[in-house]
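Engineer: Questions regarding the structure given below will be posed in turn.
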Amino acid sequence: MKMYFVRLFIGVAVILGVGAAVFAAPSLEKKQWRVELKEAGGTVPQFIDRFRFEGKNFASVIFERKGFLASSYSSSEKGDGSIAWEAKQQSKDNGDIAWQGELQGDTMTGTLVWKQPDGKTAQYAMYGSAVVPEEGEASAPETPTASEKSTASDASESASESAPAAKSSWGCSLVR
């Protein structure tokens, strides 16, 4: 009789474990997204961007080029199974940006508010979907945070300048 309860307990634990894995919420971590950013009220994308979530950091290809380094993001699961997230980034030359997004299935929606140094604020609507890396394309390289970049720049100054720099071919600024 005792063996029966042990087997029953193990069976229930296995079923609950499999059920939790099957119904687990989608995750942002180690994923890349292709998004279009349109000015609020606009119909034509201003930017076509690719961003990623990795190691609790968020990075945007377009805005990395504008000096906005990878930064931490926060996320929370909503009652309907979607994930809400937000990230804030700063650039010494280009101001501050605040991202807010929601992942529902494979669809990413949200907003971007860019406070520029001249005092202007630009607001963008965001819409996109998950990206599956193409064959032969490695996953996106890790993006250094601001503190890691300053340490790395000291080390890179002493490195050979003949080594080619790794550049991402993604990210398209259609207007700016």
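Read-outs: derived from the displayed coordinates by stated rules, not from any lab. Values in this document were obtained by computation on a predicted structure and should not be read as measured data. So basically every Cβ, Gly included, is an ideal-geometry build from the backbone, and we count neighbours across all protein chains shown.
Engineer: Among 82-95, 118-131, 43-56, how do they line up by average Cβ neighbours within 10 Å per residue, starting with the highest?
Structural biologist: Descending packing order for the listed peptides: 43-56, 82-95, 118-131.
Engineer: Please list, short to long, the whole-number percent of alpha-carbon pairs of segment 49-134 in consecutive 5 angstrom bins beginning at zero.
Structural biologist: Computed distribution, short to long bins: 3, 14, 24, 26, 18, 9, 5, 1, 0.
Engineer: Still on this structure, I have one more. Starting from the Cα of Asp106, step 7 Å along the direction of its Cβ; do the same at Lys30; then give the gap between the two resulting points in nm.
Structural biologist: 1.9 nm
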